[in-house]
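Single-structure report; data block below.
The values are calculated or read from the model by the stated rules, or taken from the named source; none is laboratory data. Only a predicted model underlies this, so the values are computations on that prediction, with no experimental measurement involved. Reconstructed Cβ throughout: ideal geometry from the backbone, glycine too, with neighbour counts over all protein chains shown.
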Amino acid sequence: MPVEIERKFLVKDTAFLSTLKDGCPIIQGYISLDKDRVVRVRTYREKAFITVKSKLTGFTRLEYEYEIPCKEALEILDNICLKPLIYKTRYNISEYGLTWEIDIFEGVFNGIIIAEVELEHENSTVTLPVWVGEDVTDNKQYYNAEMVKRFLQTKI
């Protein structure tokens, strides 16, 4: 059973961002924002994926991800996904033996910068780089699906 064990942090010191290279533009949208599961479609370089995630328990949740044709993903993003879509650029950085994903959000979520790290176990020790700020793993407002849900609720 595939699982995702992830910690999320805000980026407190953005000085290093200007040194980042090879960012990957991502467009993602949500088909379902149910409280117990989310279904998203994401383009990532020339590839696209559909992902189903279960409700988060601690830092862990089930995650099933499948590659789909990019053309179909773009059609789903345009015609089926809830709006707004998420536009962000992702950078990968290796620090202290872990790969950190830095997401710099654009569009309606411009200004949000989140660092995520996937772990082997929930109790894995994480040495934080100097640019890492507040741990927001337990703060749902920083999860992409919750950001979209909150945006939609403000438009009602």
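Odds and ends about this structure:
- First in segment 66-87 and within 13 Å of A48 (Cβ to Cβ), second anywhere and at pLDDT below 95 and assigned to a loop (DSSP other than H, G, I, E, B), Cβ under 9 Å, 6 or more apart: C70/E46
- Options V126, V130: the member that is surrounded by 13 or more Cβ atoms within 10 Å (Cβ to Cβ), modelled with pLDDT under 95 and in a loop (DSSP other than H, G, I, E, B): V126
- Each residue in segment 56-81 was checked for being among the acidic types (D, E) and within 30 Å of D138 (Cβ to Cβ), and 2 of them qualify.
- In segment 1-116, counting only strands (runs of 3 or more DSSP E) that sit wholly within it, the ones holding 2 or more residues that are over 15 Å from the mean Cα position of the chain (by Cα) span 24-32, 60-68, 82-95.
- Close Cβ contacts (under 9 Å, 6 or more residues apart or on different chains) running from residues in segment 115-128 that are within 26 Å of L17 (Cβ to Cβ) to residues that are of a type in the set (S, T, Y) and surrounded by fewer than 13 Cβ atoms within 10 Å (Cβ to Cβ) comprise V117/T99; E118/T99; V126/Y96; T127/Y96; L128/Y96.
- When segment 138-156 is limited to residues that are out of contact with any Gly (no Cβ under 9 Å at 6 or more places or on another chain) and surrounded by 17 or more Cβ atoms within 10 Å (Cβ to Cβ), the one that is farthest from L82 (Cα to Cα) turns out to be Y142.
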